[in-house]
There are 2 protein chains.
Amino acid sequence: MTVMNKVNVEEQAILAKKAAKILSLLSTEEKNAALLTLADVLDAEYETILTANKEDLENGRKKGYDDAYMDRLTLTKERVEEFAQGLRDVAKLEDPTGIVNSDWTLDNGLNVQKITVPLGVIGMIYEARPNVTVDASGLALKSGNAIVLKGGSSAIHSNKQIVDVIHRGLEQTKIPKEAVQFIASTDREATQQLFTMKKHIDVLIPRGGGSLIQAVVNNATVPVLETGVGNCHIYIDAEADVNKALAILVNAKTDRPAVCNAAETAIIHKDWLDTNKDALTQTLKENNIAVHGDELAVKVIPGAVSAGEDDWANEYLSTDIAIKTVNNVEEAIDHIDAYGTKHSEAIITENKETADTFMKLVDAAALYHNASTRFTDGSALGFGAEIGISTQKLHARGPMGLPALTTIKYMMNGNGQTR
Amino acid sequence: MTVMNKVNVEEQAILAKKAAKILSLLSTEEKNAALLTLADVLDAEYETILTANKEDLENGRKKGYDDAYMDRLTLTKERVEEFAQGLRDVAKLEDPTGIVNSDWTLDNGLNVQKITVPLGVIGMIYEARPNVTVDASGLALKSGNAIVLKGGSSAIHSNKQIVDVIHRGLEQTKIPKEAVQFIASTDREATQQLFTMKKHIDVLIPRGGGSLIQAVVNNATVPVLETGVGNCHIYIDAEADVNKALAILVNAKTDRPAVCNAAETAIIHKDWLDTNKDALTQTLKENNIAVHGDELAVKVIPGAVSAGEDDWANEYLSTDIAIKTVNNVEEAIDHIDAYGTKHSEAIITENKETADTFMKLVDAAALYHNASTRFTDGSALGFGAEIGISTQKLHARGPMGLPALTTIKYMMNGNGQTR
């Protein structure tokens, strides 16, 4: 019932807010001990999670989800063990809260400290992957935040059981179990309530496809940390080394085509293409990369089909690639300005000056000179764990580790100072 | 004409975006030289600004604006000189861009630098104060950002003339004059276009009353830096020193009642009130502070009227104060949780433990122990200049200086690294 729902979601957010206060007072040791307990309980109760997961898989088969989707949905003993290990890894990371960023005293004697503190309550809205339920909870708790989880309906049984296990685990710790809230309703209205619950929720983090993320960005009045859509480009300059260019192109396109830091378009200087068309064609063929090209690319590369606006604008998330030819780096930058999603952009060139121009003028979280866009990733960069990759400019940009889940407080200590 | 407008506002934003690219390549010295030139041109052309201002003042009189409003609208030679001096002060501040926050090399040799860069294009939406036109332009340009200004209709002639002067000044500098765009339309639709222009505008900053700010927060899909509404509390604990408590209360309430860091409610411990009611009453009377109290406060303080929900929830922005009595610090925190705007909150007590509880558990940008809330201010804290005071938790919290107008880029330099 909708009215019932409304009350429940708000009540859950209020419970999370209260739990966040208690959690914010816990020591790093208490939080770490809790994460280790959760890991042990997940390991011990993995069978109950797999049983619940079977229900989701059965429903998924009935609905005819494709293999990739079913794979993301499928849990095994090993995957649950990875969840538990993930929590143990988060326990080892530095506590991002309670760090004094600066400390100074005004002439009147008023001491000012700028200290990192938890955000409060995080609203996590995500799709089919049940691992987000554990990963996001672990990162939230470690950084002193409560979390309200709203997973996709296709994984609802798995998610619900995982949260039940987390709750049983938290009962053995100093963290109140209300710090992890799971919205069991599959009603769309439940999600929309989260969008405007500014009083109780401090930030929304959507994880999933472009349409989910846009729905949150367009409808939420709660601040959003926008993640994930990566329409990434590899610009191969006239002065690109052919071996580096081809190795990077293949890696960025084929290593994991479905992730956000994969390349979707190669922008190729016409001179380079003219010189290297045979090597390029052979490499693309060997790696089963299907080409959608502009007029010149279609003419030069056998088997290439004509690219349209959709090819430039959207992620393939497959081994398809769009190829755009240009006369200079400025045209490459203009194309990225028009179609990029400010995620990761690479230039391959031996000319340092051209590389500088590209890296200064392209507006994105991560700019690469002679390297693959695949490195835009919290673990690849050594952040330990990530809650998502921000494609926005405010608060956090690029891979977001634990510090992205904190804000600051100015703490002033005086003895009667007035102005 | 509306359609005409639509094209114009978008065209202005596109021009700003292009100018931002050029601006982002300028050196600190070039930006500083431009600010000094602007200051000189403002000084030289102040009379044209005063002439335009007369038109706004005449319209204001016809519309019957009150004295405070007319005062904010009024420009004089001295005020324009202050604008110019403000630009010279901003020229002296550290450039917030191009700072390498961290620099490391992965095992595979890929070098990673995290560097501060301008946000791009700032959309500034503000009300009657023409000083924002100059101040915000100066801060934007110094931090390498273009700015689109949408001022209130009551100051339109002043703002338009100020921007004309800025444009004439910029023509003598390396900064393209298109970096400062002024939306001359008083059409509401022009403002609403800014709300959703994500492609061209990187952040919106509203400056003004609560209803303006809420309109932006509720309708914008462009990320917003929320500023300004301060429903601030002074909690006078059972163990508060009476002299400190009264001095801080009077300062926070009466020094500048119309600003956001002024106190609006005193929360008073019942034991302290019982002991100090005569001193409190006398102090309030001497300072012409009108009291709206809860049941006990009305009983104890002569002349106090009954406070209702509105008194707890809203800013007076006058020398009125609401007084709420409590039995302990927890009740004080609950009241602030219910009605505070996360701006500035103070506790007056000689008990360090009670102060700690308050400062840890109250969720606000600035927490004060034995000092006035009036210090939440960029210049008071030594930030040099501020673009506003953030009451949100993401990106920037509390007084926002130049660093709040930047984001970061990860710049990766490799020699063919793949994953």
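Calculate one ³J(HN,Hα) per residue across the range B:319-330 by plugging θ = phi - 60° into the Karplus curve 6.51 cos²θ - 1.76 cosθ + 1.60, and present them in order as whole Hz with x for glycine and proline.
Working through the residues one at a time gives 8, 7, 9, 9, 10, 10, 9, 9, 9, 6, 5, 4 Hz.
Among B:Asp187, B:Asp103, B:Asp278, determine the one that fluctuates most according to a GNM of chain B built with springs between C-alpha atoms less than 10 Å apart.
The residue with the greatest mean-square fluctuation here is B:Asp103.
What list of ³J(HN,Hα) couplings, whole Hz, do you get for the range B:385-392 from phi and the Karplus terms 6.51, -1.76, 1.60, once you set θ to phi - 60° and write x for glycine and proline?
7, 9, 8, x, 10, 6, 9, 9
Return one number: the angle in degrees, 0 to 90 and rounded to the nearest 10, between the long axis of the Cα atoms of helix A:46-63 and the longest principal axis of the Cα atoms of chain A.
On a 0 to 90 degree scale, this one is about 50.
Counting Lys and Arg as +1 and Asp and Glu as -1, what is the net charge of the other residues whose Cβ lies under 13 Å from the Cβ of A:Glu331?
Residues close to A:Glu331 contribute a combined charge of -4.
Tell me, how many Å apart are the Cα centres for the range A:332-408 and for the range A:277-302?
27
Copy-to-copy spacing for B:Thr51, label 7 Å out on the Cα-to-C-beta vector, in nm, shortest first?
Inter-copy label distances (nm, one decimal, shortest first): 8.6.
State, to one decimal in nm, how far the label point of B:Thr254 lies from the label point of B:Asn59, with both points 7 Å from Cα in the Cβ direction.
It works out to 3.8 nm between the two label points.
Going through the cross-link list B:Lys244/B:Lys324; A:Lys62/A:Lys160; A:Lys21/A:Lys77; A:Lys160/A:Lys198, which pairs have a Cα-Cα distance over 28 Å in this structure? Numbers along the way, then the final one.
Details: B:Lys244/B:Lys324 19 Å; A:Lys62/A:Lys160 20 Å; A:Lys21/A:Lys77 35 Å; A:Lys160/A:Lys198 25 Å.
Distance filter (> 28 Å) returns A:Lys21/A:Lys77.
To the nearest 100 Å², how much accessible surface do chains B and A hide from each other in total, with a 1.4 Å probe?
Interface area, both chains combined: 6000 Å², rounded to the nearest 100.
Using the Karplus equation 6.51 cos²θ - 1.76 cosθ + 1.60 (θ = phi - 60°), what ³J(HN,Hα) coupling, rounded to whole Hz, does each residue of the range A:67-84 give in order, writing x for Gly and Pro?
4, 4, 5, 4, 5, 5, 7, 6, 10, 9, 4, 5, 5, 5, 4, 5, 4, 4
For A:Asp103 and A:Thr28 in one chain, what is 0.36 nm times their gap in residues minus the Cα-Cα distance, to one decimal in nm?
24.8 nm
Under the definition of partner shielding as Cβ atoms of other protein chains within 10 Å of a residue Cβ, what is the mean value for peptide B:362-369? Display every interim value, and only then the final one.
Values: counts 2, 11, 2, 4, 6, 7, 8, 7.
Whole-number average of other-chain Cβ neighbours for B:362-369 is 6.
Note down the magnitude of the dipole of the range A:163-317 about its Cα centre, charges +1 on Lys and Arg C-beta and -1 on Asp and Glu C-beta and zero elsewhere, to the nearest 20 debye.
In debye, rounded to 20, the range A:163-317 gives about 680.
If the elastic network links every pair of Cα atoms under 10 Å, which of B:Glu94, B:Glu345, B:Glu127 fluctuates the most in the Gaussian network model of chain B?
B:Glu94
Of all the accessible heavy-atom surface of the protein assembly as shown, with the other protein chains kept in place and a 1.4 Å probe, what percent is carbon and sulfur?
Looking at the protein assembly as shown in its full context, I get 48 percent from C and S.
How charged is the neighbourhood of B:Leu170? Take every other residue with its Cβ under 15 Å from the Cβ of B:Leu170, and add Lys/Arg as +1 and Asp/Glu as -1.
0
Relative contact order of chain A, please, whole-number percent, based on alpha carbon pairs below 8 angstrom and at least 6 residues apart.
With pairs under 8 Å counted, the relative contact order is 18 percent.
With an 8 Å cut-off on Cα pairs and a minimum separation of 6 or more residues, tell me the relative contact order of the range B:272-346 in percent.
Here the relative contact order equals 28 percent.
Output the relative contact order of the range A:232-379, whole-number percent, from Cα pairs under 8 angstrom with separation of 6+ residues.
Averaging sequence separation for qualifying contacts and normalising by length gives 33 percent for the range A:232-379.
Under 5 Å between amide H atoms, partner at least 5 residues away or on a different chain: which partners does B:Thr341 have, H built in plane at 1.01 Å?
B:Asn231
In degrees from 0 to 90, rounded to the nearest 10, what is the angle of the helix A:2-24 Cα long axis to the longest principal axis of chain A?
80
Take the cross-link list A:Lys17/B:Lys142; A:Lys177/A:Lys409; B:Lys31/B:Lys409; B:Lys199/B:Lys342; A:Lys150/B:Lys409 and give me the ones stretching past 29 Å between alpha-carbons. Could you put the intermediate results ahead of the total?
Details: A:Lys17/B:Lys142 39 Å; A:Lys177/A:Lys409 26 Å; B:Lys31/B:Lys409 21 Å; B:Lys199/B:Lys342 31 Å; A:Lys150/B:Lys409 31 Å.
Pairs exceeding 29 Å: A:Lys17/B:Lys142; B:Lys199/B:Lys342; A:Lys150/B:Lys409.
Compute the separation of the alpha-carbon centres of the range B:122-200 and the range A:46-82 and state it in Å as a whole number.
54
In B, who owns the beta-carbon nearest the axis carrying B over to A, and how many Å from it?
Result for the B and A rotation: B:His395, 2.
Let me know the shape class of the range A:232-379, please: from the alpha-carbon gyration tensor, a ≥ b ≥ c as square roots of the eigenvalues, rounded when a/c is under 1.5, otherwise prolate if a/b is greater than b/c, or oblate.
In terms of gyration-tensor shape, rounded.
Net charge near A:Val217: determine it from the other residues with C-beta under 15 Å of the C-beta of A:Val217, scoring Lys and Arg +1 and Asp and Glu -1.
On the way: positive: A:Arg207, A:Lys342, A:Lys393, B:Lys198, B:Lys199; negative: A:Glu226, B:Asp202.
Once positives and negatives cancel, what remains is +3.
When the helix-only estimate is applied to the protein assembly as shown (DSSP H runs of n ≥ 4, each -39,500 (n - 2.57), divided by the residue count), what is the mean residue ellipticity at 222 nm, nearest 500 deg cm²/dmol?
Roughly -14000 deg cm²/dmol at 222 nm, from the helical runs in the protein assembly as shown.
If you put a point 7 Å past Cα along the Cβ direction, how far is that point for B:Ala68 from the same point in each other copy, in nm, smallest first?
Counterpart label points of B:Ala68 in the remaining copies fall at 5.9 nm.
For B:Gly382, which inter-copy label distances result when the label point lies 7 Å beyond Cα on the Cα-to-Cβ vector, reported in nm to one decimal and in ascending order?
Here the equivalent label points are 3.2 nm apart from this one.
The values are calculated or read from the model by the stated rules, or taken from the named source; none is laboratory data. Just so you know, these numbers come straight off a predicted model, no measurement behind them. Using ideal geometry, Cβ is built from the backbone for each residue, glycine included, and neighbour counts are taken over all protein chains shown. Side chains are part of the model used for accessible areas, which takes the heavy atoms of the whole protein and leaves out ligands, DNA and RNA. Shrake-Rupley method; radii C 1.70, N 1.55, O 1.52, S 1.80 Å.
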